[in-house]
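Everything below concerns the one structure shown next.
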Amino acid sequence: MKMVKGVLRIARYFAIIGCCALGFATIVASGGGGGGGEAAPTVFISQILSDPDTDGDIKFTAFSIFEISSARETGSVLAGIHPISGDEYRGFLSFPLGGPGGVPGTAGILSATLEISVISMTVATPNQTVPLLIDLVSFPPPTIIASDFDRNLQPPLQSMIFNVFTSDTGTTLLVDVTVLMDEAQRQGLADFQLRLLLDFSALSGLVEIDDSISETAPLLTVEFF
Amino acid sequence: MRCVNKTQVVIGTGALFLGVLLYLISRPVEQTYFGSILEISYKARHWDSRFLNEIGGSLPSFLHVLAFSLLVGGLFGARKTGYLIICLAWLFTNVLFELGQKHITTASQAIPQSFEGVFILENMKSYFLKGTYDHFDILASCAGSAAAYWVLLRTRDERRG
């Protein structure tokens, strides 16, 4: 009798757990779940390659000289501070949002991911992490100018940090830039333009991003509705 | 732990069946994971009436909280406080999922990658992305929770199990 009671008790626990699981399952499996009769939005995905004519970097040398390089000519974009020379590079990437395959101005952003391939890294010590600051900026294309380097003259509209590890060399990184894309959309920017620089928490570290061929050039993937 | 309260379980099961039935007749099959996995071939029988669309919007939220609060409450055989916790827990769960449809990016990013390919759980991202937030669903869930608590109190069994 005691054993039967024990079995029943266990069965009851299982029934409670099963009931909770069924409760969760019915919510998730109900698909659109609720909705008040409104139609669910259709989700679109846009993949936009950066514009190599606008992409580039600005080097600020120890002698206070600005040197501008175009990704069209160099095939890469540099961001960070060279550990030996002390030269600082700030990289710029520009993604046109207009036109076919772009992101409509009225679209709601679900997610935005930046895909970049790291060609090389120059660091002071092995296994160093290079924290990069990504600023959302709005500089008028077609080319970057020296004043775009300055965060006071070209203030960031939104910023975020992401870390690049020395082990990332030769790999493709995925960076969640939804917060930046949200802001770009909110401000109605025609281009999604980014400035990449070494975060102020680090002393040195230089990252070279591939911007040569379309297969490895910076790619922005936006999910929107 | 007290005895299983059969009345509560029966009412809960009834509410659950009603909710499922309402869902099946008021929602196009292709909009639900249920439909896609079962490949239910009753598209022609989807009742596109205005009445069903209206009540079909928020009534499932009401019935969901009501049904599962009663089922768990009935199986658990809890006291007043226990009933309250159960009702609030289901309300919290439903509200959380509904809010996930409003804050789509945050919700979909919080879903672990490991859910991909797992039965039912694989639909979670789609639930947030394709679902539409409706504050009436929140209200319906609150009403369902209150109704469940009331039914649980009215039908509670004081005997010890």
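Only the coordinates and a few stated rules stand behind these numbers; no lab work does. Values in this document were obtained by computation on a predicted structure and should not be read as measured data. Don't worry about glycine lacking a Cβ; one is built from the backbone with ideal geometry, like all the others, and counts go over all protein chains shown.
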- Message: Using Cα springs under 10 Å in a Gaussian network model of chain A, which residue among A:Phe200, A:Phe139, A:Phe60 shows the largest mean-square fluctuation?
- Response: A:Phe200
- Query: Amide H to amide H, which residues 5 or more places from A:Leu97 or on other chains are under 5 Å from it, using H placed in the peptide plane?
  - Reply: A:Asp191, A:Phe192
- Residues with amide H under 5 Å from that of A:Val177, placed H, sequence gap 5 or more: A:Ala112, A:Thr113, A:Leu114
- Item | Protection proxy ranking of B:75-87, A:7-19 - average other beta-carbon atoms within 10 Å, highest first | B:75-87, A:7-19
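Taking the Cβ of A:Ser94 as the center, what net charge do the other residues with Cβ under 9 Å away carry, scoring Lys and Arg +1 and Asp and Glu -1?
So the surrounding residues net to -4.
Summing -39500 (n - 2.57) over the DSSP H runs of n ≥ 4 in chain A and dividing by its residue number, what mean residue ellipticity at 222 nm do you reach, to the nearest 500 deg cm²/dmol?
So the calculated ellipticity at 222 nm is -6000 deg cm²/dmol.
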- Could you work out the mean count of beta carbons from other protein chains within 10 Å of each residue's beta carbon in A:45-54? 0
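Please state the shape class of region A:145-222: rounded when a/c is under 1.5, otherwise prolate if a/b exceeds b/c and oblate if not, all from the C-alpha gyration tensor.
oblate
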- Task: Could you list, in their original order, any pairs among B:Lys80/B:Lys125; A:Lys2/B:Lys80; A:Lys2/B:Lys6 whose Cα atoms are separated by more than 25 Å?
- Result: B:Lys80/B:Lys125; A:Lys2/B:Lys80
- Projected onto the charge dipole of the protein assembly as shown (+1 at Lys/Arg Cβ, -1 at Asp/Glu Cβ, origin at the Cα centre), which of B:His103, A:Ser120, B:Ser61 gives the Cα projection farthest towards the positive end? B:Ser61
- Query: So for the pair A:Asn127, A:Phe139, with labels modelled 7 Å out along Cα→Cβ, what separation do we get in nm?
  - Reply: 3.7
- Item | Separation in nanometres of the label points that stand 7 Å from Cα toward Cβ, at A:Ile10 and A:Ser147 | 7.8
- Note on the structure: Exposure proxy check on B:Thr106, A:Thr166: fewest-to-most Cβ neighbours within 10 Å is B:Thr106, A:Thr166
- Mean other chain Cβ within 10 Å across B:86-97 is 2
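For B:Ser58, A:Ser201, A:Ser85, what ranking results if the residue with the fewest other Cβ atoms within 10 Å of its Cβ goes first?
A:Ser201, A:Ser85, B:Ser58
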- Under 5 Å between amide H atoms, partner at least 5 residues away or on a different chain: which partners does A:Thr54 have, H built in plane at 1.01 Å? none
- Pairwise label distance in nanometres, A:Ser201 with B:Trp150, each label 7 Å out on the Cα-Cβ vector: 5.3
- Everything considered on the Cα gyration tensor (a ≥ b ≥ c; rounded for a/c under 1.5, else prolate if a/b is larger than b/c, else oblate), region B:83-125 must be described as oblate
- B:Glu98 neighbourhood, Cβ < 11 Å, K/R = +1, D/E = -1, net charge -1
- Query: Against the longest principal axis of chain A, how steep is helix A:2-29, in degrees 0 to 90 to the nearest 10, with axes from Cα atoms?
  - Reply: 40
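Sorted from fewest to most neighbouring beta carbons within 10 Å, what does the list A:Met181, A:Met121, A:Met3 look like?
So the residues, fewest neighbours to most, are A:Met3, A:Met121, A:Met181.
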